[in-house]
Amino acid sequence: MATKSPTPPPGDVAGAGVKRSPRERLLDAASELFYAEGVQSVGIDRVIERAGVAKASLYSTFGSKEALVEAYLDTRHERTLTRLRTAVASVEDPVAKLLAVFDGQARSFREPNFRGCAFNAARAEAPTGSRIDGATQSYRRDIRELFRELASGAGVADPETLASQLQMLYDGGASAANLDRDPEAASPQRAAAEALIRAALAH
């Protein structure tokens, strides 16, 4: 008779027996809860309970809830840019590279826990000038710079304008896919992006 594998203790990676640090466990818990339920809706005690750490660990590691939220957003920022740049690197044609950003984003629309843009949600609940605001603006600058870099590589005469236009489509597609619960929003979003790119190249 087969025996059931024991459940890994808190702080271990399932099946790996690798101990995770309190910081990693707090970030994992914060990422899950903040994205699913909202930054303001989730209290510190719930994050601590989900992470399985002492409250002192949170304050010694991050100092405050705001700093934890900032770290959660910074981690999401890095992972998102990595995913998009990986999608871009998978194709050679300059126009295809621009569209690959949307293809990379579209894959997230199909994830069962997709709840729209984490940065928009967190920023809507944060005061201007806060660390959360700063993390959001940093992410948005990097998305716009990615579009600008790719537009320039494609030979567009005004890469700054096209980058701004494409970022609006990027934002709008995520909102539509979330609000309508429709991952197929990626299709008209991509078509609109291609039309903008072709028009920019024609000038």
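The values are calculated or read from the model by the stated rules, or taken from the named source; none is laboratory data. Quick caveat: nothing in here was measured; it's all calculated off a predicted structure. In this analysis, Cβ positions are derived from the backbone assuming ideal geometry, glycine residues included, and neighbour counts consider all displayed protein chains.
Worth pointing out:
- Residues (under 21 Å from Arg144 (Cβ atoms) and within 11 Å of the chain's Cα centre (by Cα)) located in region 61-103: Leu73, Asp74, Thr75, Arg76, His77, Glu78, Arg79, Thr80, Leu81, Thr82, Arg83, Leu84
- Among the residues of region 5-34, the ones that are modelled with pLDDT of 50 or more and within 15 Å of Val53 (Cα to Cα) come to 12 in all.
- The set of residues in region 183-203 being touching a Phe, Trp or Tyr at 6+ places or on another chain (Cβ under 8 Å) and not aliphatic (A, V, I, L, M) consists of Pro183, Gln189, Arg190.
- Filter result (under 26 Å from Asp182 (Cβ atoms), without any contact (Cβ under 8 Å) to a residue 24 or more places away in the chain and not in a helix (DSSP H, G or I)) within region 64-111: Ser90, Val91, Glu111
- Of the helices (runs of 4 or more DSSP H) entirely within region 112-203, those holding at least 2 residues that are among the basic types (Lys, Arg) and assigned by TED's automatic domain parsing to the domain that holds His77 occupy 131-153, 186-202.
- When residues in region 24-54 are screened for being of a type in the set (Lys, Arg) and either surrounded by fewer than 16 Cβ atoms within 10 Å (Cβ to Cβ) or closer than 25 Å to Pro127 by Cβ (or both), 1 of them pass.
- Those residues of region 172-185 which are surrounded by 13 or more Cβ atoms within 10 Å (Cβ to Cβ) and more than 12 Å from Ala121 (Cα to Cα), in sequence order: Gly172, Gly173, Ala176, Ala177, Pro183, Glu184, Ala185
- Of the criteria (1) in contact (Cβ under 8 Å) with a residue 24 or more places away in the chain; (2) surrounded by 19 or more Cβ atoms within 10 Å (Cβ to Cβ), which one Asp142 fails: (2)
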